Structures are given as structure tokens and as C-alpha cells.
Amino acid sequence: MLSLFIISLWLIGYLVIWQGHRRGRWSGPYHRDVASLGVLALAALGFFWRIIWGGSWMPADGGDLASFLYPTYRFTAESFRQGIIPLWNPHLYGGAPFIGDIQAGLFYPVNVLAFFLARPLTYLTMEWLSIFHFWWAGTGMYLLLRLNRWREGEAQLSRWASLAGALAFMFSDGFLTHFGNLNLIAVASWLPWVFWAYLRGVGEQRLEIRWAVVAGVLLAVATLAGHAQVTLFIALALGLYTVLETYLALRRGASGQATSSIVSLLPRRLVYLFTCCLVAVLLSAVVLLPALELTRHSARAGWDYQQTVGYSLSPAQWIGLLIPGFFGRGPQFHWGLWPRVEVGYLGVLPLILALLAMMRGRPRRVWALLGLAVITFLIALGIYSLPHGWLTRLVPGFGQFRAPARLVLVMDFGLAALAALGLDALLRSRGDEGAAFRRVFRLTAWAAGATCAVGLPLAYFALITGQDRTPEVFSRISVATIAVAIFAALLLASLALLAARRYGWAGPRILGLLAVVLIFLDLASTGAYNDLGATDPTGAFEHPEIVSFLRNDGDRFRIDARTGIDQLWQPDVAMLHGLDDVWGVVNPLVLADYERYWEGMGSRSSPLYDLLNARYVIARKDVALDWDKFELAFDGDPELNVYRNRSVLPRAFLVHQAVGVPDHEAAWAAVHAPGFDPATEVVVEGEAPLLAPAAGPEAAEIVAYGPNEIVVEVEASAPGVLVLSEVFYPGWRVMEEGEGPGTVQRVNYAFRAAAVEPGTARLRFVYAPLSYRLGAVISGVTALALLAGVVWLWRRQVSGKAGE
């Protein structure tokens, strides 16, 4: 139904614009461009038809889309519908700063629409969001190619060429490999949109600063989608492109322009770039400042260079630029000593067309695109090349991101644009391009001949002679042979298209149509069915019997599912069902102190484990536990049992013994000292409060618990410390009804507490970090300033027309 709605919406838009064109309301045939965007939408629907209509799932195992993003978005959607902006995640890792995890995409407009419109938000919704961003990437690429001037004195690129470049980019390897990383492809889909606005303001003699502002707004929206690494890649791409094009402009202008004009060119363009980036930073400060704060406290802050270069593009994988399936494209068939990463494949014909664009004269923007593709390819090599290492030292924050191979997204962007330029040249059939075309035609013919005469026979020879090998080796040979055969077929098809151009077998329109169809079939045939599964990957979230048992407990507690059951029980199940867990899915943004506490507590037999409020352990039926401490609580699930911790400490409790320590490391030593019992004493960082033994009955009860607030009613018989089994983090404040704000103390190395006096009190713990409040003010003021600027420009334009 959703696909029919999309098609109907596009058809209505097309008819409206077509009628406007017929009646003279539009200066050009824009309905044809709308039709092209519809073609891209149909291409996306056709590419992913097995997900939409075929009952298949992608990724096959769910990947991050199922294990991380799906529960994250569900939690956010439910919070928004309750009128709450969830700044804190109480459900995982003993509590964690949610606003600081930029991957949540809290304020990304597309996500916000999905949060309110999708009721309920399902895994299919997540897949639709991924598919939408494929189309959005193609739409941005089409408009970038179609609306910008790429060569001086020439018309816009043809629609066929723009469509070809859009298809090559939107179905390129970076997008397909990361279908399950919705936030990554969401940010990447804005790359051509940012470039579209950025290049609109770059003229020969002047720069229109308003377009730098527009590009900054688009980059800010991309940042809100929640993948800081790709945001940094876009900014890096803008910087590289600016420097490259400026250098080329200076070289060309050295003999034809005044010295003063040449000298001022670079500073003006750097100001233009700075304006774009500044607007983006200010508008997205609401998520950037909390993210920067979290980064300093997370495990990622301790990464070394060896961790940063994980998932580099190995030289052995370069063959994937031409034959993506040689080492098995999907995770099911991948083989090799190197990890599976994106290899940058965007089709055989697009590479040939990009070569044609490079050989047919080299205007400034063609050279800049080529330089952008080459430089980002070198950086994507990671540990296999020096430039990546330099950037980890020169670019702030670059060293805290791993997987440099992801930069092939930018490489594919440059190559897809070059492919569009090459196809446009092919369709225009200009005489001065004959030499370049003939060279490309000969190279393609030689490559096709060599593949058919040497490559295919060698592949089939290996297949025939490898039948006596182990099944694993023979499977690898078979996968590589299929990949080589597909490459040969695509190369021959590309050669046939070039021959049709050379010998005049078809006109420009037919050639353009054939090129677009061939590119789509190439990318769909090699990528559409990779990593598909027939089983709903969210099935591991569904354990109704266990969930019902836990919900019936009625108290506030945590579960511990970190027992090697990820295939049976998704690590973020607690988040989906409103439960609390001591851990969650693997995440480099886990608070470093909490991770150290978990790793250093020894075992589940330790009193430090009891402080986590882990009442129930979920594990396989044959798990080995300390049976003096744990007991079977529930065995109604066919594969998993629930075990009760008889020594668990409550979420909130009072103690009357405190030890003050001077610093964080001293607190670590104190909680690991022999005999330390968190049930009766507390280690306070700083000066310990004056306490007294309990003189009567006491109680500490949590009466309200939400993403940003905890309310505890306390009845104390003597001065004491209210200890919360909640992770300490900057931004938490405590207030007592009728009193002023108090101090949230850091205790027992990683937890929160507050001093209490004798009597009854109602303490309200609130999470409202300064980083978020300051970021919201900066983003809000910037948005209002931009809106005021737009209104002022509009009124100025209206008054100017009235004066005429």
C-alpha cells in the first residue's frame, strides 16, 4: 500500500507540473525532470522488490538495523508520543546519555515524521526508511548533475546522463553494504544535496554567500541523521574539492587575470567553505555538543591507531571495483583474511564512462572530481596508505572513527559524477571528442577480449580442476567464477553500447535509455539479492513468556543477558519492552568507567555485581552459575531460562558508612579492596559526608522513573547517603522538595548518590546537561537568525519589484 501511495503521489505531482508547463506557468519542461525522479523511485522499488513484496528481509541477520537502530527508534517514537524528549536512556548499560549518542537521530526531520506517523514503528518501517534514503541520494545526485554547469560554455547535462549518474551513486557499493546502517546512509544521502547548493554559489569571479548558507543548512540536516563520521567525510569532501578547484583556477588564471584577483581567490573560497561549515555546526549544536561531551567519557576516547584503522580497504579487494563478487559480496559468501568492507563498485559502464570524461579534455571541475575520487580512495586504504594516518593527527576527531573504507562513498560520488559527464559527451557526439572516444572504445574492446580469452578460461579451469578440493575451497572458486562471468557479460554489453554509438546503430535517446537500463541491471544483478534473509531478524526480540514474567515482578530491577545468547535474545530487548539491562548491543560509545567497572568486578559472585541491581540473569538452560547465589526463577521459554539473584541490591537504598577518596583511581582501588560491601558502605570521591548509624526503620522508594527524571521518596533515621544503582554522568542534578538544588555525588567509582538528612524527603533527580541546553540555544538562535534573513531577503525582493 505504501508503494502505491508513493507512486500515486508522484503521478499527481507530475500531472500538476505538466499542466503548469502546458499553460505557460513554467519556463521549462520541468515535468520531465519530475518524471526522472519518478524513474529513480521506481528503480528503488524494483531494486528492493523482495523486501517490499517478496517477504524477504535485509540484512539477513538484521545487522545494526535490527539489533541497535530498531529498538532505539522505537524507544524514541514512544517517548515523543508521550511528549518527552528522551535525553537519557534508562534501559541499557545501567543508564546512558541518550542525547549524547548522535546515532539516535533524535531531531532528524525524516525520523521525527516516522516516529509520529508509523504506529507502531516496525522493522519494515526501518527498511522503508533505508529504501527512501537510497532514492533521496539518487534525487540529490540527479539535481546536482542536472542543475549545475560542469563545463564552460556548455548546456546542462542531459536527463539521461543525470539519471545514469544518479543510479550509479544511489546503488553504489557503499550504500548497499550499509543498508542496515540506516543512520550512515541517511547522512550519506545528503552528500549530493550539499554539493548541489555549495557549487551553485561558486562562480568564476564571485561567490554567492547565500548558497554557502544553504549548503550549511543541508549539512546540518544531514548531521542530525546521526552518523558523525560521514558528516566529517562530507565536510572533508567539500574541503578537498574547494582546494582542488581553487588550485586549478589559479593555474588557469595565472596568465589571464589580474594578480590581485588571483591572490584574493583562495581566501574568498576558504571563507565560503568556512561559512558553510559554521552554519552546519551552529544549527546542529543541539546534538553535536552532547555528542562531543559523551565522546570524552566513552570507550572510544581511549582508542589507539590500530583500532582506528580497523576495516581498511585491503589492496587485495581492489578487484572489487570491477568484479565485486570475486571474494563474495554478501556476508554469507565472503572469504579472505581481510574483513568484509565496501569496495566501491558502481558498475562497469559507469567506470568506462568516467574514463571517457577524463580523456575528453579536462576542465577544472572534471579534474576536481577526479582528484576527489583519487584522494578519498587513498584515505580509504587506511592502514595500507600513509594519508589516513596523517589525517588522524591533522583533522580533529578523525582518529576516533574506524572503518576508513567507508570513504569509498565519496570516491563513488566523484566517479558517478564523472560517469554522467562521460555519458553526456557520448550522447552529444561532438567531433572534437572522437579521439577520446576511439581510445576508450579500443581499451574496452581489449579488456573484453582479454577477459573472454584469458580470464574466463582460467576461472573455469580452476572450477573444473578444483572439484576435488574441500567444499569450502570449491565454494570460493565457484563464487569467483560466477563473478568473473558476470563481469565479462557486463563488459561485452558495455562494448556493444559503445559500438552502437560508434557505428551509428542508435540515436542519442536510444543510447541514453540503453545506458540507464544497463547501469540499473548491472547494479541490481550484482547487488539486489545480497544479504537477504527469509526470516524476520527481529524474532530474537520476541520472548513473550519471559517478558511477561519480568513485567509481572512489579519492582524496579535490571536483567543481565550478557551470557552469550545474542542469537536467541537480542542485546537491546530491554529497550524494546521497557525493561532495564546491565548491558546492550556492542557500542563504542559505552561509558568507559562503566565498562571498566563491569570488566573489573571479577564475576557474578562479587558484591560489585549486586550493586548493578541485576535481579535476573537470562541464559541458556545449561548455563553454569554460582548456585549458592542464583536460583531458577522461570523456565517457560523453550531455549532460555531466567535465574534470580538472591543477593541483588535495590535500585535505591540508604547507607550510613562513607569513605572519602581523593580521586577516581583511588575510588577504583577502594571498591576492589578486600571486604568492601556496597550494601553497607559507600566510597565517595571527595570529602565524605558526616554520617551516623541508622536509629530506626528506613526506606527508599522510587515513585517515578523516566528517561530524564527519577523521583525517590526517602525516610531516614539518621544522616546517610542515598545510593542509586544508576551510572554517574555530568548533567544530573538533584532537588529536594521545599529545598534548593543539592549535589549529585559520584560514589563507588561509577554510580550516583545524594546525601540525606534524618526525616522524610522527596528527592528529584533530573538530567538536563549544560551541553544540551547550550546546544539547543545555539541551534535555536541560529535557526531564528536564518529565518529572519530569509524573510528580510524576501521582503527586499518584493519591494524591489514593486519599485519597478
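The values are calculated or read from the model by the stated rules, or taken from the named source; none is laboratory data. Since we're looking at a predicted model, the values are computed, not measured. Note that we place each Cβ from the backbone using ideal geometry, even for glycine, and neighbour counts take in every protein chain shown. Quick note on the areas: whole protein, heavy atoms, side chains included, nothing else; ligands and nucleic acids left out. Shrake-Rupley method; radii C 1.70, N 1.55, O 1.52, S 1.80 Å.
Here the range 715-804 is assigned +1 on the Cβ of each Lys and Arg and -1 on the Cβ of each Asp and Glu. Its dipole about the Cα centre then comes out at about 580 debye.
What do you get for Rg/Rh of the range 284-431 when both radii come from the Cα atoms and Rh is the Kirkwood radius? List each step's numbers first, then the result.
Details: Rg = 18.2 Å, Rh = 17.2 Å.
We get a ratio of 1.06 for the range 284-431.
Taken as Cα centroids, the range 63-108 and the range 471-504 sit 45 Å apart, rounded to the nearest whole angstrom. In the range 513-657 the Cα-Cα distances spread across 10 Å bins starting at 0 as 10, 34, 28, 11, 8, 6, 3, 0, 0 percent of all pairs.
Annotation: amide H of Ala633 within the under-5 Å range of Val642, Tyr643, Arg644, sequence separation 5 or more or interchain, hydrogens built in the peptide plane.
The charge dipole of the range 547-696, taken about the Cα centre with unit charges on the Cβ atoms of Lys, Arg (+1) and Asp, Glu (-1), comes to about 380 debye, rounded to the nearest 20. For His227, the accessible area of its heavy atoms, probed at 1.4 Å with every protein chain present, is near 20 square angstrom. Of all DSSP bridge pairs formed entirely within the range 588-691, close to 70 percent run antiparallel.
Principal axis extents of the Cα atoms in the range 369-427, from largest to smallest and rounded to whole angstrom, are 45, 18, 16.
Sorted largest first, the spans of the alpha carbon positions of the range 672-804 along the three principal axes are 87, 34, 23 Å.
Each residue of the range 487-554 gets 118 Å³ once the volume of the Cα convex hull is shared out per residue.
Considering only alpha-carbon pairs that sit under 8 angstrom and 6 or more positions apart, the relative contact order computed for the range 525-632 is 30 percent. Convex hull of alpha carbon positions in the chain: directionally averaged projected area 42.0 nm². Divide the volume of the convex hull around the Cα atoms of the range 148-197 by the residue count and you get 75 Å³ per residue. Of the GluC sites (Glu not before Pro) found in the range 699-803, those in coil by DSSP whose Cβ has at most 16 other Cβ atoms within 10 Å are Glu737, Glu739.
Residues Tyr705, Tyr311, Tyr616, ordered by accessible area of protein heavy atoms at a 1.4 angstrom probe radius and largest first, appear as Tyr311, Tyr705, Tyr616.
Loop-only GluC sites (Glu not before Pro) in the range 107-181, please: DSSP not H, G, I, E or B, and at most 10 other Cβ atoms within 10 Å. Loop-located and lightly packed - Glu152.
Estimated at the nearest 10 Å², the accessible area of Trp318 is 110 Å² with a 1.4 Å probe.
Dipole magnitude for the chain: about 5400 debye, using +1 per Lys or Arg Cβ and -1 per Asp or Glu Cβ, origin at the Cα centre. What does the C-alpha gyration tensor say about the overall shape of the range 324-392? Classify as rounded when a/c is under 1.5, otherwise prolate if a/b is larger than b/c, or oblate. Cα axes put the range 324-392 in the oblate bin.
Give me the percent relative contact order of the chain, please, defined on Cα pairs under 8 angstrom at least 6 residues apart.
Details: 1358 pairs, mean separation 113.2, N = 804.
About 14 percent, as a whole number.
Set Lys and Arg Cβ to +1 and Asp and Glu Cβ to -1, take the dipole of the chain about its Cα centre, and tell me which of Leu244, Thr538, Ser771 lies farthest positive. About the Cα centre, the residue reaching furthest to the positive side is Leu244. Restricting attention to the chain, close to 85% of DSSP beta bridges with both partner residues there are antiparallel.
What Kirkwood radius, in Å to one decimal, follows from the Cα pairs of the range 478-526? List each step's numbers first, then the result.
Values: mean 1/r = 0.0862 Å⁻¹.
By the Kirkwood definition, the hydrodynamic radius is 11.6 Å.
Considering only the other residues whose Cβ falls under 15 Å of the Cβ of Arg50, what net charge follows from Lys and Arg at +1 and Asp and Glu at -1? Residues close to Arg50 contribute a combined charge of -3.
Ordering Asp553, Asp566, Asp581 by accessible surface, largest first, gives Asp566, Asp553, Asp581; the 1.4 Å probe counts only protein heavy atoms, with every chain in place. When the scattering of the range 122-179 is computed by the Debye formula from its Cα atoms alone, each counted once and equally, what is log10 I(q)/I(0) at q = 0.12, 0.13 Å⁻¹? These q points yield log10 I(q)/I(0) values of -0.35, -0.40. Using bins of 10 Å that start at zero, the share of Cα-Cα pairs per bin across the range 591-663 amounts to 17, 40, 31, 10, 3, 0, in whole %. Simple rule: put +1 on each Lys or Arg Cβ and -1 on each Asp or Glu Cβ in the range 267-415, find the dipole, and look at Leu415, Val395, Gln306; the Cα lying farthest toward the positive end is Leu415. Using Cα centres only, tell me the gap between the range 391-465 and the range 653-724 in whole Å. Cα centroid to Cα centroid, the span is 63 Å.
Mind grabbing the base-10 log of I(q)/I(0) for the range 28-112 at q = 0.26 Å⁻¹? Debye formula, identical points on the C-alpha positions, no solvent, two decimal places. Listed by q, the Debye log ratios stand at -1.21.
Could you give me D for the range 440-551, from Stokes-Einstein at 4 °C and 1.567 mPa s, where the hydrodynamic radius is the Kirkwood radius over C-alpha pairs? Units µm² s⁻¹, please. The partial results should precede the final answer.
Details: Rh = 17.9 Å.
Translational D for this selection: 72 µm²/s.
Here's the picture: charge each Lys and Arg Cβ at +1 and each Asp and Glu Cβ at -1 in the chain, and of Gly660, Met126, Tyr503 the one pushed furthest to the positive end of that dipole is Tyr503.
Compactness of the range 635-736 is given as radius of gyration and Dmax, 16.4, 52 Å, from Cα positions.
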